[in-house]
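Enquirer: Take this structure first; my questions come after.
The values are calculated or read from the model by the stated rules, or taken from the named source; none is laboratory data. Quantities reported herein were computed from a predicted structural model and do not represent experimental measurements. For neighbour counting, all protein chains shown are included, and Cβ atoms are generated from backbone atoms with ideal geometry for every residue, glycine included.
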């Protein structure tokens, strides 16, 4: 049983932490690579080039703007009149 715990710690848990630390220095999510691919993921993260900080910020701003546009589109589809709260739907008689 102890051998199984040691095996899991070396071949499954350790790569997550190692890949995470490598990913931090490269502005990447290395822990995912370590979790999914183990030591192969650590090797892949080690070979990745760092993402420049300004590029990472640009990606975050672009993603945030995309979310804002989607939210505005969704709210205009749900409430075309622009009144908040939206008026209740018209009552219809289904007899």
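Enquirer: With the structure loaded, tell me whether residue 86 is modelled with pLDDT under 90, surrounded by 12 or more Cβ atoms within 10 Å (Cβ to Cβ) and in contact with a helix residue (DSSP H, G or I) (Cβ under 8 Å, 6 or more places away or on another chain) or whether it fails that test.
Expert: Values: modelled with pLDDT under 90: yes; surrounded by 12 or more Cβ atoms within 10 Å (Cβ to Cβ): yes; in contact with a helix residue (DSSP H, G or I) (Cβ under 8 Å, 6 or more places away or on another chain): yes.
For residue 86, the condition - modelled with pLDDT under 90, surrounded by 12 or more Cβ atoms within 10 Å (Cβ to Cβ) and in contact with a helix residue (DSSP H, G or I) (Cβ under 8 Å, 6 or more places away or on another chain) - is met.
Enquirer: Of the residues in region 35-56, how many are modelled with pLDDT of 85 or more, surrounded by 10 or more Cβ atoms within 10 Å (Cβ to Cβ) and assigned to a helix (DSSP H, G or I)?
Expert: 11
Enquirer: Being modelled with pLDDT under 90, at positive phi and under 18 Å from the mean Cα position of the chain (by Cα) is true for just one of 27, 59. Which residue is that? Before you say what the answer is, go through the steps one by one.
Expert: Details: 59 fails: at positive phi.
Checking each option against the conditions leaves just 27.
Enquirer: If you take the residues in region 1-24 that are under 16 Å from the mean Cα position of the chain (by Cα) and crowded, with 19+ Cβ neighbours inside 10 Å, which one is farthest from residue 60 (Cα to Cα)?
Expert: Within region 1-24, the subset under 16 Å from the mean Cα position of the chain (by Cα) is 20, 23-24.
Filter once more, keeping what is crowded, with 19+ Cβ neighbours inside 10 Å: 20, 23.
On the way: 20: 20, 23: 17 Å.
Applying the filter and picking the extreme gives 20.
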